[in-house]
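Peer 1: Take this structure first; my questions come after.
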Amino acid sequence: MLLLTRLSNLQFYQSFKIKNNRVAAIRFTTLAGICEALDCQPGDILKYEPKQPT
């Protein structure tokens, strides 16, 4: 995780929140940095999960 944080130019708290699924939104620049570091496309790392009815 620390290597990805360095390669994608994120702050540690940002990568911690993303890793632990504690984000409501992500900036395109953050997503671009992660994709560049991992040499992937956004669809490779994102998954849409609709809210479950309560």
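Peer 1: For a quick check of your reading of the model, give me the residue pairs whose first member lies in region 1-28 and is in contact (Cβ under 8 Å) with a residue 12 or more places away in the chain and exposed (fewer than 15 other Cβ atoms within 10 Å of the Cβ), whose second is in a helix (DSSP H, G or I) and among the hydroxyl-bearing types (Ser, Thr, Tyr), with beta-carbon atoms closer than 8 Å and at least 6 apart or on different chains.
Peer 2: Cβ pairs passing all conditions: Met1/Ser15.
Peer 1: Now for a separate question. Can you list the helices (runs of 4 or more DSSP H) lying wholly within the chain that have 2 or more residues being aliphatic (A, V, I, L, M)?
Peer 2: 2-7, 28-38
Peer 1: Determine the pairs where a residue that is without any contact (Cβ under 8 Å) to a residue 12 or more places away in the chain, located within region 38-54, has a partner that is loosely packed, with under 10 Cβ neighbours inside 10 Å and of a type in the set (Lys, Arg) with Cβ atoms under 8 Å apart, the partner being 6 or more residues away or on another chain.
Peer 2: Here the result reads none, with nothing in region 38-54 linked to a residue that is loosely packed, with under 10 Cβ neighbours inside 10 Å and of a type in the set (Lys, Arg).
All of the numbers you see were taken from the coordinates with simple rules; none came from a lab. These numbers come from a predicted model, not from an experiment. Neighbour counts run over all protein chains shown; Cβ positions are idealised from the backbone, glycine included.
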